[in-house]
1. Kindly indicate which of Ala122, Ala141 is touching an Asp or Glu at 6+ places or on another chain (Cβ under 6 Å) and assigned by TED's automatic domain parsing to the domain that holds Pro280.
2. Under 7 Å between Cβ atoms, at least 6 apart or on separate chains: pull out the pairs that start in the stretch 18-40 with a residue that is free of Cβ contacts under 8 Å to residues at least 12 places away in the same chain and end on any residue that is buried (at least 16 other Cβ atoms within 10 Å of the Cβ) and in a loop (DSSP other than H, G, I, E, B).
3. Just give me the residues in the stretch 306-326 being of a type outside the set (D, E, K, R) and open to solvent by less than 40 Å² (accessible area, probe 1.4 Å), in sequence order.
4. Restricting attention to the stretch 116-153, which residues are within 20 Å of Leu238 (Cβ to Cβ), free of Cβ contacts under 8 Å to residues at least 24 places away in the same chain and of a type in the set (S, T, N, Q)?
5. Quick one: which strands (runs of 3 or more DSSP E) sit completely within the stretch 308-373 and have at least 1 residues that are within 23 Å of Ser9 (Cβ to Cβ) and touching a helix residue (DSSP H, G or I) at 6+ places or on another chain (Cβ under 8 Å)?
6. Going through Val130, Val175 one at a time, which residue ends up being open to solvent by less than 30 Å² (accessible area, probe 1.4 Å) and either away from the ligand (no atom under 15 Å from the Cβ) or aliphatic (A, V, I, L, M) (or both)?
7. What are the pairs with Cβ atoms under 8 angstrom where one residue, in the stretch 237-262, is of a type in the set (Lys, Arg) and the other, located anywhere, is open to solvent by less than 50 Å² (accessible area, probe 1.4 Å)? Sequence gap at least six, or different chains.
8. In the stretch 224-234, is there at least one residue being within 11 Å of the ligand (Cβ to nearest atom) and among the hydrophobic types (A, V, I, L, M, F, W, C)?
Amino acid sequence: MIPSATGYSPFRDEFPELSVKVHGHNLIYLDNASSTLKPMAVLDAERNFYTTTYANVHRGVHHLSQLATEAYEDARRKVAAFIGACSENEIVFTKGTTESINLLANSWGSIVRSGDEILVSAMEHHANLVPWQMLCQRSGAILRIVPINEAGELDLQALDEMLSPRTKILAMVWVSNILGTILPVEEIIAKAHRVGAIVMLDAAQAIAHMPINVKALNVDFLCFSSHKMFGPTGIGILYGRSEYLTRMPPWQGGGDMIRDVEYNKATYADPPLRFEAGTPPIAQAVGLGAAIDTINAWGWEAIKVHEKQLYEHLQDVLNSIPGLRKIGYAKQRTAVQSFLLENTHPYDVGILLDSMGIAVRTGHHCGQPLMKSLGISGTVRASLSIYNTTNEIDRLGHSLRKAARMLGIAS
Ligand code: PMP
């Protein structure tokens with residue numbers, strides 16, 4: 001069903017947390033880039049798993065352990081199909097995007113040498129910056145930052161100039177959590193491959209907003225978090241091309257990642273288990289599988305139509321507010337908008353909106369270098385999802401005008 005533009009979302013009823021009252025107001029949840037709310041299907045799947053099927057995976061001959069293993073591996077197959085991977089063996093379960101990038105920086109990073117170059121953009125989340133900084137400190141590799149323009153778009157000419165045979169890894173955000181920019185990733189991947197670099201995409205903000213096909217993209221690694229796509233916290237994905245995963249050493253040691261262990265040495269399992277030491281997030285994988293089924297049932301067309309309406313309405317509403325400055329105005333965007341009210345601190349605006357029942361995020365959004373380069377300490381960020389409505393955006397507009405009056409910047 002295609003949703004209408006009239007302050008309505010056909011998906012709302014599936015999200016019980018939307019009925020929560022905040023300071024006496026109906027909750028308006030506009031912090032979706034940080035984490036999405038969870039539909040009943042995900043909650044039911046986890047509850048059902050814990051009440052009927054739960055046991056530890058991979059090590060048991062007993063009935064429940066086999067059922068749990070099957071459920072866990074079934075979730076892996078769902079993820080593989082969802083992102084168009086060649087095989088479920090290319091799907092590594094991690095704790096989230098952050099852990100996926102750390103895994104890659106540590107494991108693939110072990111072949112990086114002094115003088116090699118790693119490229120990231122000027123709008124990375126700290127999760128796609130600090131692990132590479134740490135790798136460079138360990139290895140003597142050089143971290144290079146591809147600049148962006150004022151609108152928040154990647155400077156592709158600078159990228160061309162920076163790419164060279166010294167570039168070993170290009171690790172880049174697909175959709176900026178701060179600026180909402182959608183990067184032209186197909187073009188970026190092709191450019192990086194031409195100089196022989198491997199490419200990792202941080203798809204944390206892309207995964208809930210657009211269909212992804214890693215084969216069509218020809219990307220080498222891609223990571224995302226379940227909690228930003230209606231699934232549980234505590235689980236995420238590192239997708240890696242088989243030929244690369246099989247060459248990568250383990251990052252963490254322990255149970256489940258081994259083939260054979262002696263007192264003074266061990267051999268390791270094949271991927272993906274090589275990278276999943278210890279008891280994995282089993283029920284979370286089942287919940288993630290249910291989130292994928294739910295997104296597939298909604299359909300990307302319906303999601304895109306609704307989010308486009310919301311995005312356009314958000315732009316209209318924010319444009320009508322005197323003294324509001326948008327941070328990030330790239331041509332290709334998702335439904336994320338950072339902004340400032342002139343002469344106010346984002347934190348004060350966030351607190352006032354919260355008192356009116358509206359959840360937005362304020363601060364540096366894990367992008368301190370970008371904030372410093374923009375000469376600001378932070379922003380207010382409204383980020384939309386499938387269950388938001390145009391009425392909620394109108395209420396954001398009214399509340400922002402009220403906040404501006406309360407902060408003494410509008411009459
Ligand atoms: N990258 C981007 C672009 C993000 O938005 C986030 C989460 N805000 C992360 C990485 C880190 O994700 P997580 O905290 O789930 O590991």
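The values are calculated or read from the model by the stated rules, or taken from the named source; none is laboratory data. This one's a predicted model, so the numbers in the text were calculated from it and none came from an experiment. Because the Cβ atoms are built from the backbone with ideal geometry, glycine has one as well, and the counts that use them run over all protein chains shown. Heads up: the accessible areas ignore ligands, DNA and RNA and are worked out on the full protein's heavy atoms, side chains in. Shrake-Rupley method; radii C 1.70, N 1.55, O 1.52, S 1.80 Å.
1. Residue meeting the stated conditions: Ala141.
2. Filtered contacts from the stretch 18-40: Val20/Leu27.
3. Kept after step one, since they are of a type outside the set (D, E, K, R), are these residues of the stretch 306-326: 306, 309-311, 313-315, 317-324.
Result: His306, Leu310, Leu314, Gln315, Val317, Leu318, Ile321, Gly323, Leu324.
4. Matches in the stretch 116-153: Gln133 only.
5. Hits in the stretch 308-373: 336-341, 361-363.
6. Values: Val130 fails: open to solvent by less than 30 Å² (accessible area, probe 1.4 Å).
From the options Val130, Val175, the qualifying one is Val175.
7. Arg241/Glu90; Arg241/Asp220; Arg241/Phe221; Arg259/Ala266; Arg259/Ala269
8. Yes, the conditions are met somewhere in the stretch 224-234.
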